[in-house]
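To start, the structure itself, in structure tokens.
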């Protein structure tokens, strides 16, 4: 019986490295890596050894025959990836067990190099992958810095509390906090001044800003960025427990990405089920008394180009509280034809929603495509969203709006910043004009890719740093560095 990768796949690719028969794709050296939503196991090649399941940092891999309920579909999805593909044309299907050999550390510096002192700013995935690479493959000393009093970054404060398997990768990262060559400094704001005390600095500070919509009324009370809501239910220390008011029966979420789905799912979930998760106690208390009955996800384009991943949509649809608004005939046509992502909505109930009526009893989530926010209306706070579609404009009564149109980076003091992309300009992680300063993760490449995508990103940055160290391109900040380079003269 073959194994199958399921919803919580983080694309870290640890499973790829332990598979003895090369049956997990795309691998990090294949073009599709970082482009697919998850990794897939070929059922025709899998030998059921279980090595991948043992290595998976987020418990996403199970024997296909053991999958039940909403996870049953992942047996088919794994097989579907290989239908019509010849990804193994150049790979033997016979067992190809890895040879035992002395360990090989590609990141080892020349023997006459004393340890580098490297500061890594940010304890999310990008920062931790960079620290891991330095600690496991070099003799560097790492100072791990975070402005928050608790480590974890995106894993701790960005992953929904009802996704405990995804959060488990945080345990993998946390084991490095006690490494003898790592010093952890929490609750410390950090800027370019760190470069004066270290041989190199890697900024992996993510993208914490909200992308603005440019819609009238966007700043009315009751209109919140997604980051505020996500941080609220995850207990972010910078967000007050009463930051999210749930006294409205209808909430409009602008956007259809995974974050938008997370927010809609949490706001309509049974509080008793959430009580078994890592949700912030203050948020749970407010959800118990919430009046929210309907969350509307507003999308400018059609379902064929929706930004959510199939795994997240399938998990939401399995709850039976999802409805597609068929106000625009293009929506139903795209779903019936199976165009792009629209095919994933086949089987989801459809309804022509009458916005003049109050939300029905119970809780539900409505997907409304081909409908762009034109204005947020209200006097002292939000009372409605004016949505523009092919038929004109319709007013959707709503007491709260969540803007989930994407994240963007914010400037790092002392470093250049590209306002258009929301990133620090860089070449392979190097910050031009700032020798010894590097970036990794979303502040480097923009808010794209999941947890595992940061592994290759951080590896590229660390590689650039080490190339510069060997070539003598790091500034002579300390006598130790000067002596190190004199020894190579």
What Kirkwood hydrodynamic radius, in Å, does segment 297-409 give when the mean of 1/r is taken over all pairs of distinct Cα atoms and then inverted? 15.0 Å
Relative contact order in percent for the chain (Cα pairs under 8 Å, 6+ apart) equals 17 percent
Over the chain, what is the percentage of antiparallel beta bridges among all DSSP beta bridges, to the nearest 5? 35 percent
In segment 215-406, what percentage of the DSSP-assigned beta bridges are antiparallel, given to the nearest 5? 35 percent
Taking the number of other C-beta atoms within 10 Å as the exposure measure, put 167, 455 in order starting with the fewest. 167, 455
With axes computed from alpha carbons, what is the tilt in degrees of helix 73-82 against the longest principal axis of the chain, rounded to the nearest 10 within 0 to 90? 60 degrees
0 to 90° range, to nearest 10: angle between helix 258-268 axis and the chain longest Cα axis: 50 degrees
When you have a sec, figure out the Kirkwood radius of the chain from all distinct Cα pair distances and drop it here in Å to one decimal? 24.4 Å
Can you tell me, using C-alpha contacts under 8 Å and at least 6 residues apart, the relative contact order of segment 333-430 as a whole percent? 13 percent
Convex hull volume per residue in cubic angstrom - Cα atoms of segment 274-347: 122 Å³
If r is the Cβ-Cβ distance from residue 333 to residue 174 and R0 is 45 Å, what FRET efficiency results, to the nearest 0.05? 0.40
Mind listing P(r) for segment 3-82? All alpha-carbon pairs, 5 Å bins, whole percents. 3, 18, 31, 29, 16, 3, 0
How many percent of Cα pairs in segment 222-262 exceed 14 Å? 49 percent
Taking the Kirkwood radius as the inverse of the mean 1/r across Cα pairs, report the Rg/Rh of segment 215-406. 0.95
Gain on full stretching of the segment that runs from residue 427 to residue 318 - 0.36 nm per residue minus C-alpha separation: 34.9 nm
Taking the chain and counting helices only, DSSP H stretches of n ≥ 4 at -39,500 (n - 2.57) each over all residues, the nearest-500 ellipticity at 222 nm comes to -7000 deg cm²/dmol
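Any read-out appearing in this document is the output of simple, stated calculations on the displayed coordinates, not a laboratory observation. Predicted model, so just to flag it, every value in this text is computed and none were measured. Neighbour counts run over all protein chains shown; Cβ positions are idealised from the backbone, glycine included.
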